[in-house]
Structures are given as C-alpha cells and as structure tokens.
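One structure is given here, and the rest of the page talks about it.
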C-alpha cells in the first residue's frame, strides 16, 4: 500500500500573489488540482496537508479529482507538515510530493516508486548545469564541483518505518530540513537517485506560472459523429433528451437518441477513443433502453479523466417530420447538463432533406455532429 502525502501548507511568500500558490491557476486549473491529477492512480490513499484557514480552498481544488482523501492541518514548517501527514498515513510506502509541483509525469512517478521498492528510499534529481558558488555577505567563498551536485525534486518515496525513524532521529537531534531525503541520509541510510525532469518545476516565483503554462500548452482537436436510426411505430421519439410527441419513435438498443449518439461519437473521435459501440455495444443488455444523456455524461467523465476539456458541440438533426425547432432550447440545456459545460458552447440545428432519401420518406432520422476539445497537460 502506498500513501501519498501532499504538503500544501506553505505561505508562498516569494510568489507574492496574495494567495497560496497552490490555488493559482495554470491553464484554467489550480496548481494543486494539476498536482493531484498527476498523482491520481499511483497511491492507495491521499493525504493533503493544508494551511490553517485554507481547508475549503483545498476541497475546491480537489473537486472530483479524488473520490477519497484525508485533509490534515499543517505545522509551522514543511517538516512539521509532512510529519503530520505521516502520522495519518497507513501505507507501507510513503510518497511525498510538493503541492506546488503540478507537472510530474507518470513515467517519473513510476521510476521513483520502483526504485524505492528496491532500496527503501528514492528521489528524482537533475544534474546542475550552472556553476555553483558558495557566497557569504555578497562575496564568493568557494566554487563547488558541480559534477557531483544534483538538484533534488519530488515525489520522494520511502518505506514508512524508515521515514518514521528518520523523523524521530531528527526530533532528537533538533534537525530541520526542507527535504525529507536529508533526514533519511542523516540516519546513514542510502537514498537512490533516479533521473528527474526539467519540466517537473516547483511553482515558487511568478514567472514559474508562465513557464508552467507554456509547458502544458493546449492542443485543440476536432471529431465528427454521424448516426442513423429507423422510425417505427410503438417507440417514443427522444432527441437531445427531449421526448417529442410523434406517432413513431426511433428504433435502437438504447432509447435511440440519434442526436446524442452523433455527439458521443464526435467527442470520442476528438479524443481518439474510438466510437460509441466500443463502450456501449448493442449486444450488452446493460444498455437496453438506456438514457442516452447518461451515456453522454459517462463519455464526458472519460474525457475529463485524461485531461480533455469540451470546448464546443455543434450538431444537426436530419428529419422530415416533426418540426424540431421548438424543442432545440431544451435539447441544448439537456446536452449542456450531460456534458458538464455551459449551454453557450452548444449549437443544435435541424433540417429536412426536401423529401429525398430515407429521411424524406420518413423511414428514419439522422444526425451529424462536430465537436471540439482541448487537450491540456500530461495524459496517462
């Protein structure tokens, strides 16, 4: 079992933003939110250590990123805060990651965990590229050999018993540290170093927010969707989650909402996740008569889980009868609620085929959709 401790109780004095840096926004999401997204799936429990008075801000940043978590009030120093989280942790291994490091990649986290399982303690670090000088009172005292120096990062992972012993020893010696590995080193225990990442920056100064935003970037992607269903007697006609009075309804395994199905396919296509049949096959009795709006909600959650944000949904219904226009505002409202976005991002249209084809003969209906999503940050 792995317990993740995320210290987020600092005062952020150097960033001078009037708010704790963990709650500053990077490409539309708080720093802490992005940090937790990077860690999600790597631990069995998550312990977020917060600064007194910021518990609600933490809860807002966590949102629905984690289903279960523990909030622990921090102490006067980082060391005190981590120790508070350590006491609350139950895992055999303890993963400690700064709440202000939002860009750790899955590969980096895996490397550190695997190294810690081998030797009991592991950290990521990067070789220094600048010449390092020891300075006192504005005067250089000595130039250090940078070939043996590396800059430590987080996450840092330790066996719980080893880290507890290190903290107990630090208490006895009245030793303070800004790095948990230092306390383990003070016991004379080896700490394995794995390759860190230059993009795994810690938000410390205002310019770090800009740099992180540039690293994350934002890639816009577009998908198209198309669906057709036959019109038959004895079925309800449901379009965009709206039941429309009509002698016939659309035939299908679910409620056959052709508009929603086209939108789902367009969203899945934009995210590169296949098509609707992969996730809701008509051979599975679980989806018999299913509310298609609920299927759309599941797809929106799937996209959010891999850091895709729905930007725009445009769709057209092809139907000879009935007139669809009076129902469009309610359709857009239903689609917005299911997709978790504002209705202003949704456009639904309707058209006939001037009596041509299967639509014109009132044998069926069709729908087309074009959806745009943005891919933000690291994805697993």
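Computed over the stretch 218-376, relative contact order equals 35 percent, with contacts defined as Cα pairs under 8 Å that lie 6+ residues apart. For the stretch 55-132, the square roots of the Cα gyration tensor eigenvalues, ordered a ≥ b ≥ c, give a/c of at least 1.5 with a/b greater than b/c, which places it in the prolate category. Here 35, 11 are placed in order of increasing Cβ neighbour count within 10 Å, fewest first, which gives 11, 35.
The mean of 1/r over all pairs of different alpha-carbon atoms in the chain, once inverted, gives a Kirkwood hydrodynamic radius of 23.9 Å.
Using per-residue counts of other Cβ atoms within 10 Å, averaged over each peptide, order 262-269, 347-354 from highest down.
262-269, 347-354
For the options 324, 313, 113, a Gaussian network treatment of the chain with springs between C-alpha atoms closer than 10 Å singles out 324 as fluctuating the most. Once each part is reduced to its C-alpha centroid, what is the distance from the stretch 228-301 to the stretch 25-92 in angstrom? Here the answer is 38 Å between Cα centres. DSSP finds beta bridges in the chain, and of those with both partners inside it, around 65 percent are antiparallel.
Computed from Cα atoms alone, the Kirkwood hydrodynamic radius reported for the stretch 15-63 is 11.6 Å. Solvent-free Debye calculation, one equal scatterer per alpha-carbon of the stretch 229-380: log10 I(q)/I(0) at 0.17 Å⁻¹ equals -0.94.
Size check on the stretch 168-307: the Cα extents along the three principal axes, sorted descending, read 83, 34, 24 Å. For the chain, the longest principal axis of the alpha carbon atoms and the long axis of helix 258-271 meet at an angle near 30°. Between residue 330 and residue 251, the simple spin-label model (points 7 angstrom out along Cα→Cβ) gives 2.7 nm.
If you plug the beta carbon distance of residue 88 and residue 279 into 1/(1 + (r/R0)^6) with R0 = 35 Å, you get a FRET efficiency near 0.40. The smallest convex shape that holds all Cα atoms of the stretch 2-216, its convex hull, gives 138 Å³ per residue.
Relative contact order for the stretch 75-219: what percent, with Cα pairs under 8 Å and sequence separation of 6 or more?
Details: 204 pairs, mean separation 46.8, N = 145.
This gives 32 percent for the stretch 75-219.
Hull volume per residue, based on the alpha-carbon atoms of the stretch 1-107 and their convex hull, is 100 Å³.
Largest GNM mean-square fluctuation across 361, 221, 159, computed for the chain with C-alpha springs under 10 Å, falls on 361.
The three principal axes of the C-alpha atoms in the stretch 105-162 carry coordinate ranges of 43, 26, 17 Å, sorted with the longest axis first. From its DSSP helices (H runs of at least four residues, each -39,500 (n - 2.57)), the chain gives a residue-normalised ellipticity at 222 nm of -9500 deg cm²/dmol.
Relative to the first principal axis of the alpha-carbon coordinates of the chain, what is the inclination of helix 328-339, with its axis defined by its Cα atoms, in degrees from 0 to 90 and to the nearest 10? Result, in degrees: 30. Can you tell me the orientation of helix 78-88 relative to the chain, as the angle in degrees between its alpha-carbon axis and the longest Cα principal axis, to the nearest 10? For helix 78-88, the angle is close to 60 degrees. Each label point was placed 7 Å from the Cα along the Cα-to-Cβ direction; for residue 312 and residue 185 their separation is 5.3 nm. Within the stretch 85-204, the proportion of Cα pairs with more than 16 Å between them is 65 percent.
Bear in mind that the values in this text are calculations on the coordinates, not laboratory data. All values reported here derive from a predicted model rather than from experimental measurement. Virtual Cβ from ideal backbone geometry, glycine too; neighbours counted across all protein chains shown.
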